[in-house]
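The values are calculated or read from the model by the stated rules, or taken from the named source; none is laboratory data. Fair warning: this is a prediction, and the values are worked out from it, not measured in the lab. All Cβ positions, even for glycine, are placed from backbone atoms using ideal geometry, and neighbour counts span all protein chains on display.
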Amino acid sequence: MSFQPLPDHELNELSDDDLIAYIRAARDAGELAHARRGLMFLVFGYEDDVKRRVRLKVPDRFVDDLARDALVKAIGAKFDGSAVGEFRSWLRTIVDRTIADHYRGTERRPKETSLPSEHAGEDDVWGEEPMVDSEAGAVELWLIVEEVLESFNDRHRLVIELHVFEELTAAEVCARMEGMSEDNVAQIACRARARLRERLEPGAEP
């Protein structure tokens, strides 16, 4: 069945799961503009609340990066099948994990702060309707990451996902992948970062 683009008013009526199916179909058909538009409808309305949740636990200077990382990880997991449950709940889980990983990485303990808006009016907090394209940055980043990953074979892609995105050490990656050396892990990760940088900054030195 061929891909059928939908107008904004119809995209606006789709559930998260239906939007994900639409985005996947658009991407598979090579209709990246429609995939981007669908992604903006999926994530719009989540970013502000994600930033608010992150800001309650981390200094302001980290908020934008951590919020972006959480959105990208949540969307990516939903598309590769590793997400659990509905997107909204999964995103909250990823936000909490991203905050915890931040403090684990800096060997700091997060300040415990209540989330007064987490449950009150939850549908309003997590489900604002898309009206403008302010989510383009997170959406474009996710698509670029996907394109870079797809340029590697399955084995090398797994190395990148484990070492770069899940932040396992080279030794931990080797323990999971037979025949892989730490030098190979480093080389694959270096190539991935170079390709990503080239996509983000065309003409940049590798």
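At-a-glance table
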item	result
Residue under evaluation Asp8, criteria (1) touching a residue at least 12 places away in the same chain (Cβ under 8 Å); (2) within 19 Å of Glu146 (Cβ to Cβ); (3) exposed (fewer than 13 other Cβ atoms within 10 Å of the Cβ), criterion not met	(2)
Among the residues listed as Phe41, Phe62, Phe3, the single one being surrounded by 14 or more Cβ atoms within 10 Å (Cβ to Cβ), hydrophobic (A, V, I, L, M, F, W, C) and modelled with pLDDT under 85	Phe41
